[in-house]
1. Check Met70: other-chain or 5+ apart residues with amide H under 5 Å from its amide H, H built from backbone geometry?
2. Which value results for Rg/Rh of the range 70-192 when Rg is the Cα radius of gyration and Rh the Kirkwood radius based on the inverse mean 1/r?
3. Would you calculate a helix-derived [θ] at 222 nm for the chain, using -39,500 (n - 2.57) for each DSSP H run of n ≥ 4 and dividing by the full residue count, to the nearest 500?
4. Each residue of the range 21-36 in turn: what ³J(HN,Hα) in whole Hz from Karplus with 6.51, -1.76, 1.60 and θ = phi - 60°, glycine and Pro shown as x?
5. Each residue of the range 201-209 in turn: what ³J(HN,Hα) in whole Hz from Karplus with 6.51, -1.76, 1.60 and θ = phi - 60°, glycine and Pro shown as x?
6. Of Lys103/Lys178; Lys100/Lys178; Lys136/Lys213; Lys15/Lys174, which pairs sit farther than 23 Å apart, going by alpha carbon to alpha carbon?
7. Under the rule a/c < 1.5 gives rounded, and otherwise a/b versus b/c splits prolate from oblate, where does the range 1-85 land using the Cα gyration tensor?
8. Tell me, what ³J(HN,Hα) does each residue in the range 83-90 have, in order and in whole Hz, if you take phi through Karplus 6.51 cos²θ - 1.76 cosθ + 1.60 with θ = phi - 60° and put x for Gly and Pro?
Amino acid sequence: MVATDVSPGMLKYAKENFAHSQIAHEVHDIEGDVSGLVKKYGKFERVYSFFALNWAEDLGAALRNVAALMTDDGECLLVFAARTSFFVVWRKIVELDRWKQYKGVIERFIPPSQDIGDRSALTPYMLGILERANLKPRTCEVISHDIIEGGVDEFIQVELSTDPIAPLLSKELKTLFKTDMTEIILKMWSEEPAGNPDHLLDIFLVHASKILK
């Protein structure tokens with residue numbers, strides 16, 4: 001088994017906490033060339049990705065590389081965010097004057113699917129990308145989850161741990177950023193009813209095989 005991540009820090013954490021003699025760890029950007037991985041390990045019968053592909057700037061390139069990693073009869077199981085309230089919060093915070101300079105930072109990580117207003121259009125959108133990536137879906141679904149169920153405190157903690165702006169800030173600015181972020185989230189919770197789209201996490205669930213040409 002080969003575990004990959006674009007972040008050396010994440011791989012270090014995995015090695016320290018989930019080490020196994022049969023797991024190799026490789027720093028790899030799924031949007032980049034996969035020939036090195038294939039040369040070293042061969043192609044894979046199974047490729048799994050959980051909540052990682054939503055960070056790809058070019059999802060099409062990432063999925064083409066997933067297909068390139070698979071054997072002809074291989075399969076992939078992919079789970080990643082389509083639309084999420086985390087991205088709503090990101091956009092709200094860069095509307096504030098003191099954080100507006102970071103708009104480019106957050107937009108780099110927000111996928112086009114975030115701006116698809118009609119939930120029913122998400123599946124056709126993903127089916128098109130899969131076809132162009134040489135992947136034939138056995139399952140392509142959108143699963144929705146109301147993040148209010150987890151509670152506002154949990155949401156704030158997850159938001160702060162994943163926001164791409166926070167790591168760029170000094171200790172003092174990070175404290176101010178956390179305060180602003182918390183105020184925005186609490187306002188969203190108090191003003192918008194349960195079931196509001198801003199409270200939903202829409203997740204792509206894809207199980208696919210390779211299109212043989």
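1. Result for Met70 returns Phe44.
2. A ratio of 1.04.
3. One gets -12000 deg cm²/dmol as the mean residue ellipticity at 222 nm.
4. These are the phi-based 3J(HN,Hα) values: 4, 9, 10, 9, 10, 9, 6, 8, 9, 5, 7, x, 5, 9, 4, x Hz.
5. Couplings: 10, 9, 10, 7, 10, 10, 10, 9, 10 Hz.
6. Among Lys103/Lys178; Lys100/Lys178; Lys136/Lys213; Lys15/Lys174, the Cα-Cα distance tops 23 Å for Lys15/Lys174.
7. Judged from the Cα gyration tensor, the range 1-85 comes out oblate (a/c at least 1.5, b/c at or above a/b).
8. 9, 8, 5, 4, 5, 4, 5, 3
We did not get these values from a lab; they are worked out from the coordinates using the rules stated. Everything quoted here is computed from the prediction, not taken from an experiment. With ideal geometry, Cβ positions are generated from the backbone for all residues, glycine too; neighbour counts draw on all protein chains shown.
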